[in-house]
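Down below is the structure, laid out as structure tokens.
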Amino acid sequence: MSDPLPPTSVKLLVGFILRDTSLFTPVFQEYAHAYGTIDFMSTFIPFTTTTYYQAEMGAPLLRRFITFEKLIDPGILPQVKRWTHELESKYKDSEGKRMVNGDPGYLSLNHLILATHKKHSHRPYLRDGIYADLTLLYQRKSFHPLPWTYPDYGSAQIIDIMNRVREHYKMQLREECEASA
């Protein structure tokens with residue numbers, strides 16, 4: 001019989017989709033206020049792998065990622081998703097359409113998990129209407145997509161970003177271990 005162990009801290013990550021880049025600064029400042037210093041910000045990446053969001057958000061759309069310096073307990077992911085949902089509601093246009101879509105998740109040494117409200121066979125329920133989407137697996141020195149991975153997350157450009165974030169996260173874990181020794 002094994003005893004339960006506390007989870008390893010993980011790297012909080014948010015992937016944004018938006019059209020109006022001027023909204024990014026106020027939105028990411030709200031995240032920084034809620035979750036601490038942002039330690040990584042990707043460039044804007046054209047979001048062209050699906051037209052799913054265009055009816056609501058318009059086109060052309062862009063994607064951008066941020067991560068946070070402070071590592072988190074993975075158990076708070078549903079709380080972050082609820083907070084993100086409230087923030088998205090704050091940034092709606094006069095017709096009630098979202099102008100910013102934020103997808104929070106976390107990166108560990110082994111995988112990238114995103115939080116979602118959408119139920120599906122590969123998404124285990126967490127709590128409060130939030131499901132975990134296993135998006136990428138780390139194997140053979142890189143992240144790899146799964147059959148259900150969103151197409152943009154499976155792209156070489158985003159996998160490269162996640163691999164770089166993982167290297168920084170790995171260094172943070174080492175520093176945490178050395179500080180506690």
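Of the GluC sites (Glu not before Pro) in the stretch 58-144, which ones lie in a loop per DSSP and count no more than 16 other C-beta atoms within 10 Å?
Glu69, Glu95
What FRET efficiency comes out for Leu146 versus Thr43 if R0 is 22 angstrom and r is the Cβ-Cβ distance? Round to the nearest 0.05.
So the FRET efficiency works out to roughly 0.30.
Calculate how steeply helix 24-35 sits against the longest principal axis of the alpha-carbon atoms of the chain, using the helix alpha-carbon long axis, and give the answer as 0 to 90 degrees to the nearest 10.
Computed tilt is about 30 degrees.
Within 10 Å of each residue's Cβ, count the other Cβ atoms and sort Tyr153, Tyr125, Tyr131 from fewest upward.
Ascending number of Cβ neighbours within 10 Å: Tyr125, Tyr131, Tyr153.
Just list whichever of Lys90/Lys118; Lys11/Lys141; Lys90/Lys170 have alpha carbons separated by over 29 Å in the model shown. All intermediate terms of the calculation are to be shown ahead of the outcome.
Working: Lys90/Lys118 21 Å; Lys11/Lys141 18 Å; Lys90/Lys170 34 Å.
Listed pairs above 29 Å: Lys90/Lys170.
Over the chain, what relative contact order in percent results from Cα pairs under 8 Å that are six or more residues apart?
Result for the chain is 21 percent.
Once label points are set 7 Å from the Cα along Cα→Cβ at both Ala34 and Asn110, what is their separation, rounded to one decimal in nm?
Result: 2.8 nm between the two label points.
Using only Cα atoms, locate the centre of the stretch 145-168 and the centre of the stretch 40-104, then give the distance between them in Å, rounded to an integer.
17 Å
So if we plug the beta-carbon distance of Arg127 and Ser22 into 1/(1 + (r/R0)^6) with R0 = 41 Å, what FRET efficiency do we get, rounded to 0.05?
In this case the efficiency is close to 0.75.
Quick check: the angle from helix 77-90's long axis to the longest principal axis of the chain, C-alpha only, nearest 10 degrees?
On a 0 to 90 degree scale, this one is about 20.
At 0.36 nm per residue, minus the direct Cα-Cα distance, what do Lys92 and Gln54 gain on full extension? Give it in nm, one decimal, please.
Between Lys92 and Gln54, full extension yields an extra 12.2 nm.
Bear in mind these aren't lab numbers, they're just calculated from the coordinates by the rules spelled out. Because the structure is predicted, anything quoted here is derived from the model rather than measured. In this analysis, Cβ positions are derived from the backbone assuming ideal geometry, glycine residues included, and neighbour counts consider all displayed protein chains.
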